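One structure below.
The values are calculated or read from the model by the stated rules, or taken from the named source; none is laboratory data. Since the structure is predicted, the reported quantities are computational estimates derived from the model, not experimental observations. Using ideal geometry, Cβ is built from the backbone for each residue, glycine included, and neighbour counts are taken over all protein chains shown.
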Amino acid sequence: MSRPRLVLVDDHEILRAGAAKYLGDHFDIVGEAGDVQEAIEVIVSAKPHGVLLDVQLPSGSGADVVHGVRQAGVKCMFICLSVSVNRRDVVKMLQAGIDGYLVKSTLGTRLPGLVTEALEGSMPVSPQIAGFLLDIDDAVAEVSEIEQLSPREREVTEYIARGYSYRHTADAMFVSIKTVETHMSHIFRKLGLASRHELAAKAFESGLLSPKRA
């Protein structure tokens, strides 16, 4: 009988190695990644049963990985493994649709069993964050879709929503057009939007827009 396949996503190689040490006797580690784009590419290619990922990653977050993989049509379980017990981080990951949230102090003999629970349909959570589940509906409501964006992405959103072209936005932000295009790709993916008009409407609805720039 084949073993469940896992991908490990963390920007610290030593932590990936530590997780692999405890999981290797129970699962096949079929890929590793250290940032958002690499993680999406590895997961889409490997099509694992499950993914262990951190909350914060270079160029984005674990939630970005979840959204990107699902947008690509790949189905797998996501288990967050993080040092963060910050309520906003927990809610953001739960809102993305993860299947478990474990703090990195769990990195030990209990980890394989907890990952197995997630793959079997349970939702393991560490005691440190279990209390957040009691009021998760209210907590999720507090995190608007716009708040999922990074500060730089919100800045791009504001320019574009005000009718700036990509070129004018790039000039205003002192970046390249390619950088603006990359930000817009991430923004559309995170918010589930397909056009600049939809983005403008979302920006106004959320109250993101501040008074007109001078």
Filter the range 155-181 down to residues that are assigned to a helix (DSSP H, G or I), surrounded by fewer than 16 Cβ atoms within 10 Å (Cβ to Cβ) and not acidic (Asp, Glu), then give me how many there are. 5
Only one of VAL175, VAL180, VAL143 that is at pLDDT 85 or above and under 22 Å from the mean Cα position of the chain (by Cα): VAL180
Filter result for LEU119 (farther than 23 Å from GLN148 by Cα, in contact (Cβ under 8 Å) with a residue 40 or more places away in the chain, of a type in the set (A, V, I, L, M) and in contact with a Gly (Cβ under 8 Å, 6 or more places away or on another chain)): yes
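Consider the range 20-58. How many of its residues are of a type outside the set (A, V, I, L, M, F, W, C), free of Cβ contacts under 8 Å to residues at least 60 places away in the same chain and in a loop (DSSP other than H, G, I, E, B)? Don't jump to the end; show me each part of the working.
Step one: filter the range 20-58 for residues of a type outside the set (A, V, I, L, M, F, W, C), giving 21-22, 24-26, 28, 31-32, 34-35, 37-38, 41, 45, 47-50, 54, 56, 58.
Of the ones still in play, those that are also free of Cβ contacts under 8 Å to residues at least 60 places away in the same chain are 21, 24, 28, 31-32, 34-35, 37-38, 41, 45, 47-48, 54, 56, 58.
Keeping just the survivors that are in a loop (DSSP other than H, G, I, E, B) gives 24, 34-35, 47-48, 54, 58.
Final tally of qualifying residues: 7.
Quick grid of which residues meet (1) modelled with pLDDT under 90; (2) within 13 Å of the chain's Cα centre (by Cα):
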| site | (1), (2) |
| --- | --- |
| ARG16 | no, no |
| ASP25 | no, no |
| ALA39 | no, yes |
| LEU52 | no, yes |
| GLN71 | yes, yes |
| LYS92 | yes, yes |
| LEU102 | no, no |
| THR106 | yes, no |
Could you list, in sequence order, all residues of the range 37-59 that are under 24 Å from THR116 (Cβ atoms) and β-branched (Val, Ile, Thr)? VAL42, ILE43, VAL44, VAL51, VAL55
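Give ALA17, ALA63 a once-over and let me know the one that is assigned to a helix (DSSP H, G or I) and surrounded by 17 or more Cβ atoms within 10 Å (Cβ to Cβ). Let's see the steps before the verdict.
Working: ALA17 fails: surrounded by 17 or more Cβ atoms within 10 Å (Cβ to Cβ).
None of the others qualify; the one that does is ALA63.
So, of the residues in the range 74-94 that are surrounded by fewer than 19 Cβ atoms within 10 Å (Cβ to Cβ) and in contact with a helix residue (DSSP H, G or I) (Cβ under 7 Å, 6 or more places away or on another chain), which turns out to be nearest to LEU119 (Cα to Cα)?
Among those residues, the one meeting the criterion is VAL74.
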